[in-house]
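*Asks:* Below is a structure I'd like to ask you about.
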Amino acid sequence: VNAVNPQSVMLSDGSEIDYGLLVWSTGVGPTPFITSLPFTKARDGRLEVDSFLRVKDAETGDTVENVFSLGDCSCIEGSPLPTTAQVAEQQGKWLSSYFNRLKVGVETGAFQYRHLGQMSAMTTGSAVTDLGDSKSDSPQFKMSGFLSWVAWRAVYLTKLGSFQNKLYVVLNWITTQALGRDLTRW
């Protein structure tokens, strides 16, 4: 991509693609592309956004109309959030709802993050889980060990989109358990 215009994207081969809504996915954290943008940055290099996930012009500090940033490459001004899938997923759902409400002229409140807890797989057959209340920083439910690992795997599967992907992952888990992890590189 060489340039992004108000209604189209210019590619390096000179061709142009029209769009209605442009979504740019840049991976985890601030990439060279993100750091090159003319928008205000947080201390860690992420794009600084307001509570409606709108970016700000680096020169004027004004909110840029119709330009939003979410996930790992953005940081809410005065309220930085961790760069986790939980945050990005909530921001994506909120932004989708915001666009739908904006289209029909319904006011919406600013983005509000709700911490649901954390899960981490440690080794095969072991994990830790802290499920928290959205109004409290202290976990309401904790567990670790094999049952936590099963719960982590179940949650992981629910986040995969298609049945095909879920089946592929389950089959990969089964073959890894039976045959060991494949460490070869092609």
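*Asks:* Contact list please: Cβ distance under 6 Å, first residue in segment 103-132 and more than 16 Å from Glu89 (Cα to Cα) and among the β-branched types (Val, Ile, Thr), second residue part of a strand (DSSP E or B) and modelled with pLDDT of 85 or more, pairs at least six apart or on different chains.
*Replies:* Final answer for the pair search is Val128/Ser120; Val128/Ser144; Thr129/Met119; Thr129/Met143.
*Asks:* Continuing with this model, one more query. Can you confirm whether segment 85-96 contains a residue that is over 28 Å from Val155 (Cα atoms), among the acidic types (Asp, Glu) and surrounded by fewer than 17 Cβ atoms within 10 Å (Cβ to Cβ)? Step through it out loud before you land on a result.
*Replies:* First, the residues of segment 85-96 that are over 28 Å from Val155 (Cα atoms): none.
No, there is no match, as no residue in segment 85-96 is over 28 Å from Val155 (Cα atoms), among the acidic types (Asp, Glu) and surrounded by fewer than 17 Cβ atoms within 10 Å (Cβ to Cβ).
*Asks:* Collect the residues in segment 97-133 that are open to solvent by less than 60 Å² (accessible area, probe 1.4 Å) and among the β-branched types (Val, Ile, Thr), keeping them in residue-number order.
*Replies:* Thr108, Thr129
*Asks:* Something else now. Go through segment 144-161 and give me each residue that's closer than 15 Å to Leu116 by Cα and either β-branched (Val, Ile, Thr) or in contact with a Ser or Thr (Cβ under 9 Å, 6 or more places away or on another chain) (or both).
*Replies:* We begin by selecting, within segment 144-161, every residue closer than 15 Å to Leu116 by Cα; these are 151-152, 155-156, 159.
Residues satisfying the conditions are Ala151, Trp152, Val155.
*Asks:* Scan segment 121-146 for residues that are aromatic (Phe, Trp, Tyr) and either on the phi > 0 side of the Ramachandran plot or at pLDDT below 90 (or both) and jot them down. Outline the logic, then answer.
*Replies:* Residues of segment 121-146 that are aromatic (Phe, Trp, Tyr), as a first pass: 141, 146.
Hit for segment 121-146 is Phe141, nothing else.
*Asks:* Tell me, which strands (runs of 3 or more DSSP E) lie completely within segment 6-60 with 1 or more residues that are touching a helix residue (DSSP H, G or I) at 6+ places or on another chain (Cβ under 8 Å) and surrounded by 10 or more Cβ atoms within 10 Å (Cβ to Cβ)? Walk me through how you get there before you give the answer.
*Replies:* Details: elements: 8-10, 16-18, 47-49, 54-56.
Answer list for segment 6-60: 47-49.
*Asks:* Further question: Quick one: which of Arg181, Arg153, Arg185 is open to solvent by less than 90 Å² (accessible area, probe 1.4 Å) and of a type in the set (D, E, K, R)? Don't jump to the end; show me each part of the working.
*Replies:* Details: Arg181 fails: open to solvent by less than 90 Å² (accessible area, probe 1.4 Å); Arg185 fails: open to solvent by less than 90 Å² (accessible area, probe 1.4 Å).
Matching residue, one of Arg181, Arg153, Arg185: Arg153.
*Asks:* Now, a different point. Residues of segment 94-109 being modelled with pLDDT of 90 or more and either closer than 13 Å to Ser69 by Cα or among the polar types (S, T, N, Q) (or both), which ones?
*Replies:* Once the filter is applied, which keeps residues that are modelled with pLDDT of 90 or more and either closer than 13 Å to Ser69 by Cα or among the polar types (S, T, N, Q) (or both), segment 94-109 yields Trp94, Leu95, Ser96, Ser97, Asn100.
*Asks:* Out of the residues in segment 61-84 that are of a type in the set (Gly, Ala, Ser) and at positive phi, which is most open to solvent (accessible area, probe 1.4 Å)? Reasoning before the result, please.
*Replies:* Residues of segment 61-84 that are of a type in the set (Gly, Ala, Ser), as a first pass: 61, 69, 71, 74, 78-79.
Narrowing the set further to residues that are at positive phi leaves 61, 71, 78.
Values: Gly61: 40, Gly71: 11, Gly78: 82 Å².
The qualifying residue most open to solvent (accessible area, probe 1.4 Å) is Gly78.
*Asks:* In the set Trp186, Trp149, which member is more than 28 Å from Ile76 (Cα to Cα), out of contact with any Lys or Arg (no Cβ under 9 Å at 6 or more places or on another chain) and at pLDDT 90 or above?
*Replies:* Values: Trp186 fails: at pLDDT 90 or above.
Only one candidate passes the filter, namely Trp149.
The values are calculated or read from the model by the stated rules, or taken from the named source; none is laboratory data. Remember, predicted model here, so these are calculated numbers, not experimental data. In this analysis, Cβ positions are derived from the backbone assuming ideal geometry, glycine residues included, and neighbour counts consider all displayed protein chains. The accessibility values were calculated without ligands, DNA or RNA, using every heavy atom of the protein model including side chains. Shrake-Rupley method; radii C 1.70, N 1.55, O 1.52, S 1.80 Å.
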